[in-house]
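Below is one structure, written out as structure tokens, with a few remarks after it.
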Amino acid sequence: IEGMLEELDPHSVYLDELDYQNLMISTEGKFGGLGITISKRDNFPTVISPIEGTPAYRLGIQGGDRIVEIEGESTRGWSSDDAVVKLRGEPGSLVNITVTREGLQDSLHFAITREIIEVPIISFADIFDGIGYIRIARFSKETARRMHEILGDFEKRGINGLILDLRSNPGG
């Protein structure tokens, strides 16, 4: 496969099953999970932030929480992808995690029911002094539809201009 890819343009890539699933999640904008963004820190998957309104957010999981166990199995040395595979799953199913939190001596145990998590496409939209402002967090197949709705509302409210904020957007 790598040999074939060398002959193609630099934007052609091979996606294994996990990479393909992640691509579909980014284009669909939803998945079954807890609603957290994680990264590997100090040899453990660590919560960067919970997504507002998700199961993890409602249970009080916080940025900086270190996920030390998933279903009783130590996560020491796991990559973010390793943890994501275990944390995502069928909506309605349960996952048990143990976290450690700075400033707390004891571990925290959570039994979390997975839900459909919808990743925000447009993170902010409003009008300031007649100028519409839209912050697009990422592109997906729903971006155009959502933009159309917001622009329709802006037109009804009489905008004079538009700022489209694409900072830190990974493209699409």
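The values are calculated or read from the model by the stated rules, or taken from the named source; none is laboratory data. Because the structure is predicted, anything quoted here is derived from the model rather than measured. Because the Cβ atoms are built from the backbone with ideal geometry, glycine has one as well, and the counts that use them run over all protein chains shown. Ligands, DNA and RNA are stripped out before the accessible areas are found, and what is left, the full protein with its side chains, is counted by its heavy atoms. Shrake-Rupley method; radii C 1.70, N 1.55, O 1.52, S 1.80 Å.
Quote the FRET efficiency, to the nearest 0.05, computed for D153 versus S107 with a Förster distance R0 of 45 Å and r equal to the Cβ-Cβ distance. Don't jump to the answer; show the numbers that get you there.
Values: r = 46 Å, r/R0 = 1.02.
E between D153 and S107, to the nearest 0.05, is 0.45.
Grab the Cα-Cα distance for R41 and L94, subtract it from 0.36 nm times how many residues apart they are, and report the gain in nm with one decimal.
16.6 nm
Once you put a point 7 Å from the Cα of R145 and another 7 Å from the Cα of I127, both along the Cβ direction, what distance in nm separates them?
Computed distance between label sites R145 and I127 equals 2.5 nm.
Can you give me the accessible area per residue for the chain, using a 1.4 Å probe, in Å²?
63
Please identify the DSSP H helices in the chain that span no less than 15 Å along the helix axis (Cα) and have a mean Kyte-Doolittle hydropathy of -1.0 or more.
17-28, 143-156
Among all stretches of the chain without exposed trypsin sites (Lys or Arg not before Pro) (DSSP loop, at most 15 other Cβ atoms within 10 Å), which one is longest?
1-75
Explain nothing, just the number: dipole magnitude of the chain about its Cα centre with +1 on each Lys and Arg Cβ and -1 on each Asp and Glu Cβ, in debye rounded to the nearest 20. Spell out each step's value before the answer.
Values: 18 positive and 28 negative charges, 133 e Å.
The dipole magnitude comes to about 640 debye.
Amide H neighbours of I36 under 5 Å, at least 5 residues apart or on other chains, H built in the peptide plane: list them.
When sequence neighbours closer than 5 places are left aside, the close amide H contacts are I51.
Please report, as a whole percent, how much of the solvent-accessible surface of the chain comes from carbon and sulfur atoms (probe radius 1.4 Å).
Answer for the chain is 50 percent, counting heavy atoms of protein chains only.
Give me the net charge of F124's neighbourhood, meaning all other residues with Cβ under 11 Å from the Cβ of F124; Lys, Arg count +1, Asp, Glu -1.
Cβ neighbours under 11 Å give a net charge of -1.
Any aspartates and glutamates with Cα under 12 Å of the K141 Cα? List them, leaving off those in the same chain fewer than 8 positions away.
E28
What is the spread of the Cα atoms of the chain along each of their three principal axes, largest first, in whole Å?
Principal extents (largest minus smallest coordinate, Cα): 56, 49, 30 Å.
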